[in-house]
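For reference, the structure is listed below as structure tokens.
The values are calculated or read from the model by the stated rules, or taken from the named source; none is laboratory data. No experiment lies behind these values; they were computed from the predicted model shown. Because the Cβ atoms are built from the backbone with ideal geometry, glycine has one as well, and the counts that use them run over all protein chains shown. These area figures cover heavy atoms from the full protein model, side chains too; ligands, DNA and RNA do not enter into them. Shrake-Rupley method; radii C 1.70, N 1.55, O 1.52, S 1.80 Å.
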Amino acid sequence: MKYKESKNFFPHSDNPQRGDFVERVVDPRQAYYKVKPVNADDEIPADAAEFAGK
Amino acid sequence: MAAQPAKDTSTQELEQKQEWWWIAEKKRSKRLDYLRKAVWKKGALGGNYAPGIKVDLEIPQLFTNMWNFWRYDPPMLRRAKSMAHVLENMPIFITDHAQLVGYMGTLPHTLAWRVDGATMVNEELYNEPGVMPEPEQASLKRVADLNAYWAGNTAVDKLARVLDPEDAVKFLSGAIGWGAPTSAYGYSGKDYEFMFAQRHGFEDILDLIDQSIEKAEDLTMGNPGPEILPVYDRIQNWDAMKIMLNAAIAYARRYARLARILAEHYETDPKRKEELLRLAQTCENVPAKAPSTFQESLQYDHFVQILARLEAHEGAWPARPDYYHWPMYEKDVIKEKNITREEALDLVGEFMIRAYEVGGFGPRWAREGLQGITGTWVWTLGGVNKDGSDACNDLTLAFLQAARLVRVANPTFGFRWHPKVRDEVMREVFECIRHGLGYPSIRNDPLLIQNAMHWHGHPLEEARTWVHQACMSPCPTTKHGVQPMRMASATANCAKMVEYALHNGYDHVVQMQMGPKTGDARKFKTFDELFAAWTTQMKWLINTLVRTVNLGRYKDPEFYGRPFLSAISERAVESGLDVVSPVGDRGNCWVTGFTWVENADSLAAVKKLVFDEKRYTMDDLLNALENNWNGYEQMRRDFVNDAPKWGNDDDFVDGIMVRCLQEVAKHSREIKCPSGNSWPLLPENVSGNIHYSSIVGALPNGRRLGDALYDGGISPGPGLDKKGPSAVLKSCGKIDHVGDGRAFLLNQRLSPSQLAGEKGYQLWKAYIRTWADLGLDHVQFNMVSDETLRAAQKDPEKYQEVIVRVAGYSAHFVDISRKTQDNIIQRTVQGI
Amino acid sequence: MGRRDQWKQVQSGIYDPSLKARTVEERETVPDIACGLCKNFAENAYASDGRGLCRVLKIGSDISASPVVYVLEGEVGYPAYFTTNAASCTHFERMDFIDTDGSEVADPNYRRVQRQMENKFK
């Protein structure tokens, strides 16, 4: 699956080929949202799970 | 998870048992409780990182890729472009319930790694157990590749090639000092006057830089001449600063965007949604613009600190939050009532938590010397305004109150006491100490202002802005007064002075001729011969360290370069020079004196038992020391019990202490920093007394190799101050706290039961008056009972939150090594 | 040899070994008879990356040469790494490891805190 196909991908308005991919992480101490800039056409790695929000 | 008390345990019961950490849990808001417990503690447990803490490899990789790409640029520009790439591409996160954001790693449990600082540290990281992210093999390969790229090309490598090789070898032996002579690691003062008092957001600074460039271009496009030649480099530096400021604004706006995405697409709770939108607005506004709300003020400050830590491994956190955030606090909480005091307290508590979670990978000596923490975040509270009036305000109280709610070991506070401090404030200070935090330390403000003017020529108004540059040293926050980079490698393991005087400069631990050959001590006939040897070793040791730091500071713009730090410093913005360059710096250097008091106690013991009373010969003594006192137990006891010890108001040993300090002070004026100012001594220890315990050989005070050294500064040896707290203060009062050195750390343990209630407060307040009257500049307290500390040793799980003052910083008791724990318990509990 | 040259030699022996070419495998290999296992090896007190000095041999020695060169007099110890192969060194004395978890504090003579040493203690 490509980033651009994910509902957790948010393209940049000035360059839709780039965007932010949001992940929800719950570690042993805290829960947080993490974001990293990605290319829309790149494949989502297996360890970056989809999530439906809170 | 720590065992909790029964739910119905009353606050009163907990107070009686002095289990203040449970009281904090009961009293703090749900948000603060969540955020406090969410922290991944980065301080090492003894010398090891806690399970689950991993090194961040993303940022070093992003940085290295771009550093290689921009290899034809000058250092500052190259760093700025590389850092801009990091800020644009590093993953960022927002913790649930957070209202303040920014971290120096990509995930909450990660340690930042300064990959271009020192090959030694990089290699140490490769070998370090437990810190590689999974999958470990892939991480090891990545680190090996990064290390291969940087080997020989880090800031320390570059400096080591320029240093005199003898100095380099001796400094890097680890026997005489620590720290690294580069701004890649160090304590950077921030020009708070420029950013906060003068209200410059980054866009304002960009305008100032553009004006400077315009003026510079008038020169470079005008008549040729030698005076315009340095201007070309300065324009490149200004370009670098601009890149960093723009990248920083964009970085903050990445948080704004994330907060807005979360509010609009994920968050269902309307209250949290509102908070996220406010956070988004905050990160839109700062650091681009000067802050206009209290939250923005704190967030601006935190971004500045994080950005500086993304640029370098900063080991301290000079700050004065109640002073510089007061205008926005006053506006929002007091004048306009935009937020309630409780809401403000939540922000203050979180502001402390955000600092507490910060951590970078440090070499083992740093971890052992700062057990339980990752740097000395000593924030300054109280003090006076530039006009000399009392600067304490309601935000001072809020910080003291929030500290008791969040109970973090880092940051801690140093409180600038002066005679005009209101009783209400003193009570809050005392409450923190009574709650066992070990902070604030108490600093004598009038005296330290005088000291700053005496040693470094700071004008009065400038001196009055001082903050703790690290644990102890006062340093202003102004254009010329700020010290942008204190390199910690002028930190002397002072016990080596007397050790080398006795061993002809030879170090039996590191197996090297270190100091000058001052003669076979077996042949010394008088105490003055020994003292002369001591003076020579003292000068050699300090000179070696200071030469190293001076060169490090001078060469730093070439070997490292700090575009962000420069961009937030008025001096650099105006001049176009890297702010670490000594040009325009008033100069505010000091030699940190670890393991200092051993000199006085050792010299006094030799004087009394060998030269005055002739109970032993120098031969006897040297034989005993060379055998680490093994086989000489009775003699060792004589040297412990029959020789006078510092801290008992005994003129014999106190006179030697003062004589030693005066010798150093005299030498301090003979040696100069790159700005031409003096290098006064500042005795203090952090947990260096434990780190050096196996590096300092046997000493005439009866100490064996491996025994903990004294806890430092001018604190008497643990358990050796037998004549009560007044005697300690009187001994310390014999030192001229202005002319004999830069500052003098004093640890004292007080009895929690004696200081309970109103009577306890009044006793403590009277003690502080005596302390001030005797002219001491510092004192800090542990007020946790032996009973609690011993219980914590037996059952650490139950006492996870017990905090103690180590020396110059606080730590959770369970995070320090057994030897350090014992050393703290051994300190005399003074009844006052 | 002048003072500066003498110390340059010491410096290059202690601090300038080329680490660039080492592969992960080379970094991970601790010989069965390694300086890190010897009681005469004292780690550097500044860097915990595994460098150190021999407490018996002095600079100028070479335990990888054939025949081994032993220098027993001098003002600086022989530089070695915890992974240095000491199979040919007649001064090798295996150390009994007691406190190996690194949670206590620096002792150049007895600490061995490197991850690669963990298997050697078991």
>> Can you go through B:Leu625, B:Leu565, B:Leu577 and tell me which one is part of a helix (DSSP H, G or I), touching a Gly at 6+ places or on another chain (Cβ under 8 Å) and modelled with pLDDT of 95 or more?
In response: B:Leu625
>> Between B:Arg742, B:Arg669, which is within 26 Å of the chain's Cα centre (by Cα), farther than 22 Å from B:Leu502 by Cβ, without any contact (Cβ under 8 Å) to a residue 24 or more places away in the chain and more than 14 Å from chain C (Cβ to nearest Cβ)?
In response: B:Arg669
>> Against the definition (modelled with pLDDT of 95 or more and surrounded by fewer than 24 Cβ atoms within 10 Å (Cβ to Cβ)), how does B:Ile714 come out, yes or no?
In response: no
> Only one of B:Val804, B:Val784, B:Val779 is part of a loop (DSSP other than H, G, I, E, B), away from every other protein chain (no Cβ under 14 Å) and buried (at least 21 other Cβ atoms within 10 Å of the Cβ); which?
Replying inline: B:Val784
> Of B:Ser785, B:Ser810, which residue is among the polar types (S, T, N, Q) and in contact with a Gly (Cβ under 8 Å, 6 or more places away or on another chain)?
Replying inline: B:Ser810
>> Pairs please, first residue from segment B:253-267 and more than 12 Å from A:Asp20 (Cα to Cα) and free of Cβ contacts under 8 Å to residues at least 24 places away in the same chain, second anywhere and assigned to a helix (DSSP H, G or I) and open to solvent by 10 Å² or more (accessible area, probe 1.4 Å), Cβ atoms under 6 Å, 6+ apart in sequence or on different chains.
In response: B:Ala263/B:Lys273; B:Ala263/B:Leu277; B:Glu267/B:Lys273
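So that you can scan it fast, the table gives a plain yes or no per residue for (1) surrounded by 17 or more Cβ atoms within 10 Å (Cβ to Cβ); (2) at pLDDT 90 or above; (3) more than 21 Å from B:Thr412 (Cβ to Cβ):
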site: B:Gln762; (1), (2), (3): no, yes, yes
site: B:Trp771; (1), (2), (3): yes, yes, no
site: B:Leu774; (1), (2), (3): yes, yes, yes
site: B:Ala791; (1), (2), (3): no, yes, yes
site: B:Arg818; (1), (2), (3): no, no, yes
>> Within segment B:574-583, does at least one residue satisfy the condition of being of a type in the set (D, E, K, R) and surrounded by fewer than 19 Cβ atoms within 10 Å (Cβ to Cβ)?
In response: yes
> Given the structure, is B:Ile261 crowded, with 19+ Cβ neighbours inside 10 Å and either under 19 Å from B:Gly576 (Cα atoms) or of a type in the set (S, T, N, Q) (or both)?
Replying inline: no
> When residues of segment A:21-38 are filtered for being out of contact with any helix residue (DSSP H, G or I) (no Cβ under 7 Å at 6 or more places or on another chain), more than 7 Å from chain B (Cβ to nearest Cβ) and crowded, with 17+ Cβ neighbours inside 10 Å, how many remain?
Replying inline: 2
> Which one is farthest from the other protein chains (Cβ to nearest Cβ), of the residues in segment B:151-181 that are within 23 Å of the chain's Cα centre (by Cα) and assigned to a helix (DSSP H, G or I)?
Replying inline: B:Ala155
> Within segment B:482-516, which residues are of a type in the set (S, T, N, Q), over 30 Å from B:Gly457 (Cβ atoms) and under 27 Å from the mean Cα position of the chain (by Cα)?
Replying inline: none
> Can you tell me how many residues in segment B:268-290 are open to solvent by less than 10 Å² (accessible area, probe 1.4 Å) and either in a helix (DSSP H, G or I) or free of Cβ contacts under 8 Å to residues at least 40 places away in the same chain (or both)?
Replying inline: 5
> Would you say B:Leu551 is closer than 30 Å to B:Ala572 by Cα and open to solvent by 10 Å² or more (accessible area, probe 1.4 Å)?
Replying inline: yes
> Just wondering, is there one or more residues in segment B:509-521 that are in a helix (DSSP H, G or I) and more than 14 Å from chain C (Cβ to nearest Cβ)?
Replying inline: yes
> For B:Leu100, are the conditions met, namely being modelled with pLDDT of 95 or more, more than 9 Å from chain C (Cβ to nearest Cβ) and either on the phi > 0 side of the Ramachandran plot or out of contact with any strand residue (DSSP E or B) (no Cβ under 8 Å at 6 or more places or on another chain) (or both)?
Replying inline: yes
>> Just to be sure I understand, how many residues within segment B:670-719 are out of contact with any Phe, Trp or Tyr (no Cβ under 6 Å at 6 or more places or on another chain), of a type in the set (Ser, Thr, Tyr), more than 22 Å from B:Trp646 (Cβ to Cβ) and part of a loop (DSSP other than H, G, I, E, B)?
In response: 1
